[in-house]
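Below is one structure; the comments refer to it alone.
Read the figures in this text as sums done on the coordinates, not as results from a lab. Given the structure is predicted, the values throughout are model-derived calculations rather than measurements. So basically every Cβ, Gly included, is an ideal-geometry build from the backbone, and we count neighbours across all protein chains shown.
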Amino acid sequence: MFESEFLTPTQEGKARYQKLVSEAAQIVCQPLPEAPCSGKSATALADLISTDFLPDAGGTSEQIAATLRTVVSNSVAVNHPHTAAHLHCPPLLAALAAEVVINTLNQSMDSFDQAPIATVVEQKMIRWLCAQAGLPATSDGTFTTGGSQSNYMALLLARDTFLQKHWNWSAQKSGLPPEARRLRIFCSEVAHFTVEKAASQLGLGSDAIVRVAVDHCFRMSPAALQESLQTSQAAGLLPLAIVATAGTTDFGSVDPMPKLASLAQAAGAWLHVDAAYGGALLFSAQHRDKLNGIEAADSLGIDFHKLFWQPIPCSAFLLRDSRHFDSIKLNADYLNPEAHKDEGIPNLVTTSLLTTRRFDALKLWISFQTLGRTKLGAMIDGTVELARHSARVIRDTPQLELLCEPQLSTVVFRYVPSHAAFDSDQINTALRQRLFDRGLAVIGHTRVHNRQALKFTCMNPTVTENEMEELIRLVMNQGMTIESGADRRA
């Protein structure tokens, strides 16, 4: 009775699966939105969604298709040239094809008997990635859901390693000792907010975070870090970790890792590199040297759902010394009994914070095999050059102000009102929202030196320089419209 609802060895099961996949592909491809977003408000979108999520009887194929089309037409079109707000990429076709296989096989990456060849693929992929980053043979890692999880894992293992080394203390068994309130984590003023979030979740508290001054390119200042370390140590505080950023969210800035590594070593602190964004430069022909020093990291995180164009999620956490995973290892008799280690059976749950996990390594592998190193590098370099071109145009546009030279593929700028009487922050805020509400563009926003700013995040290597110039003109014209008061007359 239910066989047709699953992919089964029968011809009927296979035929139904092929039909459903084909229909889904047609729904995605045929009515792709021509605008970057629908512009509908949350209230308007809620009105489109029926709350009868589980009707007594299933709907017809036409009804299901209509529901899917509603979702497609009211989603952000990540492939549109006017979508340039976040580190939110259009996915590669090869990765989408691999996703079909991943979802169909439905392997669970926690134990070998749930994912035999998938386990081996992930292990080999992780070790290859470690080698690409220059980490030694002792290294290991795991796939994660993103930079947030990778940063959390880094600080968790840094904390546990420090407690064990200095106080012979296991947080896994005994929680945090009173002395843990003295631990400090150093990161730049513009490091990702998840560093602070991780410290809070790890019982160290946000007070454990020491934000360090940056230079004019928003890179952590080694001199300021050294001063912060000295000040903290003089106050009886203990340097637990230094978090270097390779590609800040707003500016794409890469901290000077060789100098930070030297300071970390001298202070006896764990060095974590948040390379969620900039890790792609490992495969860049033109910009690989920006990551010099990454090989000194105790841990690092890379997101492949950014400048590797993978469907969300796809990220990795890499660890210099695999023995540090011991602090999170737990054995369950039904899943990863201790005897499996002696028998040479790999169960990846021992290196992950998660139990059930997807086989995300497959889509990355298939994408690499499809593109090749040369083409991947050219795509990465192309997005960097697109940002640089956009910055040159903005610099030459009187109505716009470039706030920082692009370090990677982001461009931060402001619309400059023609009269000083206008509230510049208010206009820049209204400008971005107007573009979104009218479905004209999805661009980013942030604050720089306490001023409201706009941001392009160039994530699409198929976008042309002419299309970016068109987007810049659109921003400028909409700003002028707001400034002229046309909205109030409408």
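Points to keep in mind about this one:
- Centre-to-centre separation between the Cα atoms of the stretch 221-246 and those of the stretch 308-379: 32 Å.
- Remark: the stretch 451-468, residue by residue, has Karplus-estimated 3J(HN,Hα) of 10, 5, 10, 10, 8, 9, 10, 7, 10, 10, x, 8, 6, 9, 4, 5, 5, 5 Hz, where x stands for each Gly or Pro and the curve is 6.51 cos²θ - 1.76 cosθ + 1.60 at θ = phi - 60°.
- Full-extension gain in nm, L54 to K375, via 0.36 nm per residue minus C-alpha separation: 111.0 nm
- Anisotropy class assigned to the chain is oblate, per the alpha carbon gyration tensor with a/c at or over the 1.5 cut-off and a/b no larger than b/c.
- Rounded to 0.05, the FRET efficiency of the L354 and R395 pair, given R0 = 51 Å and the Cβ-Cβ distance, is 0.70.
- Taken along the Cα-to-beta-carbon direction at a fixed 7 Å, the label points for N477 and E227 span 4.8 nm.
- Cα-based shape type of the stretch 107-371, given that a ≥ b ≥ c are square roots of the gyration tensor eigenvalues and the cut on a/c is 1.5: oblate
- For V442, distant residues with modelled amide H under 5 Å away: T83, A84
- The simple Förster model, with R0 at 45 Å and r as the Cβ-Cβ distance, assigns A131 and S484 a FRET efficiency of 0.20.
- Loop chymotrypsin sites (Phe, Trp or Tyr not before Pro), the stretch 1-68, which have at most 11 other Cβ atoms in a 10 Å radius of their Cβ (DSSP): F2, F6, F53
- For Q30 and N103, the FRET efficiency from 1/(1 + (r/R0)^6), where r spans their Cβ atoms and R0 equals 22 Å, is about 0.55.
- T464-L7 pseudo-label distance in nm [points 7 Å out on the Cα-to-Cβ vector]: 3.9
- The Cβ shell under 9 Å around L348 holds other residues with a net charge of -1, Lys and Arg each +1, Asp and Glu each -1.
- Counting beta carbons within 10 Å around each of T142, T350, T43 and listing the fewest first gives the order T43, T350, T142.
- Contact order normalised by residue count of the stretch 119-196, Cα under 8 Å, 6+ apart, percent: 22
- Distant-in-sequence amide H partners of R184 (H built 1.01 Å from N, under 5 Å): L238, L240, A241
- In terms of other Cβ atoms within 10 Å, H340, H324 run from fewest to most in the order H340, H324.
- Cross-link table K165/K259; K290/K455; K40/K363, entries beyond 30 Å C-alpha to C-alpha: K40/K363
- Computed lengthening from D437 to D207, 0.36 nm per intervening residue step minus Cα-Cα distance: 79.0 nm
- Separation between Cα centres of the stretch 455-480 and the stretch 90-146, rounded to whole Å: 35
- Whole-Hz Karplus values for the stretch 308-321 come out as 10, 6, 9, x, 5, x, 6, 8, 9, 10, 10, 10, 4, 10 Hz, taken residue by residue from phi with 6.51 cos²θ - 1.76 cosθ + 1.60 and θ = phi - 60°; glycine and proline positions read x.
- Its relative contact order, with pairs defined as Cα atoms under 8 Å and 6+ residues apart, puts the chain at 20 percent.
- Sorted ascending by nearby beta carbons within 10 Å, beginning with the fewest, W309, W167 become W167, W309.
- Rg and Dmax of the stretch 136-250, Cα atoms only, in Å: 14.6, 45
- Cα gyration tensor, the stretch 329-394 - rounded (a/c under 1.5), prolate or oblate: prolate
- In this rough spin-label picture, where each label sits 7 Å from Cα along the Cβ direction, the E62-W167 distance is 6.8 nm.
- Working note: Karplus 6.51/-1.76/1.60 with θ = phi - 60° gives the stretch 174-189 the couplings 10, x, 8, x, x, 5, 4, 5, 8, 6, 9, 10, 9, 8, 6, 4 Hz, where Gly and Pro are set to x.
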